[in-house]
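The values are calculated or read from the model by the stated rules, or taken from the named source; none is laboratory data. No experiment lies behind these values; they were computed from the predicted model shown. Cβ placement follows ideal geometry from the backbone for every residue including glycine, while neighbour counts extend to all protein chains displayed. The protein model used for the area step is the full one, side chains on, heavy atoms only, and it has no ligands, DNA or RNA in it. Shrake-Rupley method; radii C 1.70, N 1.55, O 1.52, S 1.80 Å.
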Amino acid sequence: MPSTRLLVLFGSQTGTAQDVSERLGREAWRLGLGCRVQALDSYPMVNLINEPVVIFVCATTGQGDPPDNMKNFWRFIFRRNLPSASLCQMDFAVLGLGDSSYANRVLGENAVVLHSFLEKYRRLCVQGFNFVAKKLYRRLLQLGGSALLPVGLADDQHELGPDAAIDPWLRDLWEKVLGPHAVPSDLDLTLSRVPWPSKFTLQFLQETRSTCSEELCVARTDPQGPPSELQPFLAPMVTNERVTGPSHFQDVRLVEFDVAGSGISFTAGDVVLIQPENTASHVQQFCQALGLDPDQHFTLQPREPGVPWPARLPQPCSVRLLVSQHLDITSVPRRSFFELLACLSPDELEREKLLEFSSARGQEELCEYCTRPRRTVLEVLCDFPHTASAIPPDYLLDLIPLIRPRAFSIASSLLARPSRLQILVAVVQYRTRLTEPRRGLCSNWLASLDPGQGPVRVPLWVRSGGLTFPKTPDTPVIMVGPGTGVAPFRAAIQERVARGETGNVLFFGCRQRDQDFYWEAEWKELQTRGCLTLVTAFSREQEQKVYVQHRLRELGPWVWELLDQRGAHFYLAGNAKYMPADVSDALTSIFREEGGLSGPDAAAYLTRLQRTLRFQTETWA
């Protein structure tokens, strides 16, 4: 099938599915196949019936949800009025990208006592692994499509990452497309000394232009219509206050923005997306490594029609603005980064090492060099100076991913603070075996901004979040939000109190009352007014640690009454590592002990709460 036209469609939330899809495009190019790569929601779905071979690469996000850039496709493909033979002419393959770790984290302390219950719960969780890819695969079969091979299930938790499953799946795919003897068994399509064509060409200009016009192209203080990623609102920062004590290990900030006149509207549970920037020192270091003049301007031209333009990139643009606001030079590079570097490297020793990192057999060494210590793009380029200095500018947008916006739960209500938007930001900083600490791009950038030293504006926009709260005023709400997980619940409590809804229960946990008890005065004032019931857990204030799940168990009869007798809704937000599993385990214990349910019935009760949206979670790694 060497003349076959391939279409690769991806649904990607963090960029991994897009990276894999572009790898598919490169390998198809090296095999002499025509191939197009597009995001699912940018492809006109009505044309799908005319495509002979389509490869879908789909991530699963949240609690089994499709990524944002495939939600329109998701609604379309599951329309009930689609004929069962709609795709009978199409051969397809589906590759899923997921994370199996949740299935392991849910197994709590009752593994011995209630083995059958936990085994059933484990199966439910495993079924949710790569849920989007599995469900799409079944749906394409229902619509008459012919599967080239079984659905691929890549797991981010594998010690070699998703490539451990992707590599053999791709080999099987090419054998199906080209025939079993067309792909040599020892061929590694990631190893090549010929770089693939760049997506864009950079045409440098002779004259220097004002950066003022660039900034106006990126975002406006008076956008036409609701702010969006293409045109964010430049929100004035009002305050940037540290809210953890001076001796606390973590710097947590309460940041407030003025959104008056922006057209921004939000309700409890919504999130704000913020577009961060690289530091000036990192921009300078990057330009020096690549021999770029940061003040030089260029225009960008796609090599082929239909190539999507980088969102918000002005024309013309300076190198400084491209690097500072668009290229994610502090991200941890993927395998494809080393693959392209190897193709571009003029230095034999550096090229040999880069080829090893980009090969299938070199993934353990790549993991040890880059993934585990969280080495950044910029640091890798500095480690390979001869290669970095020889990178053609045309390849910058192929080599380095774009900076993605960061989402934060909105921690305030417009009903309580009109024209204001607040977020709670934990500044990410940790150490690996590398000399320099690892720092989160957005949180550290926000922490560095000081509105007291002059006007500060931050590009942002708002979207609906994953939490929805009941509209009926007499429905109680139980909220479990340890640490910064309390942020969305503060917005919900402010909103509900403003509407006269008093059935608000908050379980809040932190280390110490005097170090990280966020909004203590506000909670106590609401308690005094009878608008809030507050239950606290200070884990480090006694010899034995006490967490929110312990407080739930202590108050089991009351929690059961609220849920079973009064129809309460239960919400959970916070770190995804252990807490969600511990809270779920506490709830099932309450269902058994206070409700008299068997293990399987307790699991079914929890599942029913989830299905009816009376149990909702918002967690992050």
What angle do you read, to the nearest 10 degrees and between 0 and 90, between the alpha-carbon axis of helix 335-344 and the longest principal axis of the chain? 20
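Using 0.36 nm per residue, how much length does the chain from Asn50 to Asp251 gain when fully extended, once their Cα-Cα distance is taken away?
Extra length available between Asn50 and Asp251 comes to 66.9 nm.
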Say the dipole of the chain comes from +1 at the beta carbon of Lys and Arg and -1 at that of Asp and Glu; which of Phe200, Thr267, Pro482 then lies farthest toward its positive end? Thr267
If every Lys and Arg gets +1 and every Asp and Glu gets -1 at its Cβ, then about the Cα centre region 519-621 yields a dipole, in debye to the nearest 20, of 240
What accessible surface, in Å², does a 1.4 Å probe find on Trp620, ignoring ligands, DNA and RNA and rounding to the nearest 10? 90
Summed over the other residues with a beta carbon less than 10 angstrom from that of Arg438, with K and R at +1 and D and E at -1, the charge totals +3
Relative contact order for the chain, counting Cα pairs under 8 Å that sit 6 or more residues apart, in percent: 13
Which value, in Å² and to the nearest 10, is the accessible area of Val546 when all protein chains are kept and the probe is 1.4 Å? 40
With Cα atoms, 0 to 90° folded angle of helix 579-593 axis to the chain main axis: 40
Loop-only chymotrypsin sites (Phe, Trp or Tyr not before Pro) in region 237-317, please: DSSP not H, G, I, E or B, and at most 12 other Cβ atoms within 10 Å. Phe249
Point-charge dipole on Cβ atoms (K/R +1, D/E -1) for the chain, about Cα centre, debye to 20: 1520
Ordered by number, the trypsin sites (Lys or Arg not before Pro) in region 244-316 that occupy a DSSP loop and have at most 13 other Cβ atoms within 10 Å are Arg303
Can you pull the percent of the chain's accessible area that's carbon plus sulfur, 1.4 Å probe, other chains left in place? 51
Place +1 on the Cβ of every Lys and Arg and -1 on the Cβ of every Asp and Glu in the chain, take the dipole about the Cα centre, and give the residue among Leu460, Leu140, Pro302 whose Cα lies farthest towards its positive end. Leu140
Heavy-atom accessible area of Asp450, protein chains in place, probe 1.4 angstrom, given in Å² to nearest 10, is 70
Express the relative contact order of region 259-393 as a whole percentage, based on alpha carbon pairs under 8 Å and six or more residues apart in sequence. 26
Please work out the average accessible area per residue across region 486-621, using the 1.4 Å probe convention, and give it in Å². 44
Heavy-atom surface of region 295-419, accessible at 1.4 Å and reported per residue (Å²): 39
Could you please report the charge total around Gly466, scoring K, R as +1 and D, E as -1 over all other residues with beta-carbon less than 15 angstrom from its beta-carbon? -1
Starting from the Cα gyration tensor of the chain, multiply each eigenvalue by 5, take the square root, and state the resulting semi-axes largest first in whole Å. 42, 32, 24
Orientation-averaged projected area, Cα convex hull of region 451-581 (nm²): 10.8
Once Met579, Met70 are ranked on solvent-accessible area with the largest value leading and a 1.4 Å probe, the list reads Met579, Met70
Only Lys, Arg, Asp and Glu count, each charged at its Cβ (+1, +1, -1, -1), so figure out the dipole size of region 261-396 about its Cα centre, rounded to 20 debye. 340
Kirkwood-based Rg to Rh ratio, region 265-371, C-alpha trace: 1.05
Name the residue farthest towards the positive end of the dipole of region 496-600 from the options Ala568, Ser539, Tyr518, assuming +1 on Cβ of Lys and Arg, -1 on Cβ of Asp and Glu, about the Cα centre. Tyr518
Number of Lys pairs (Cα under 27 Å; 8 or more positions apart or on different chains) in the chain: 16
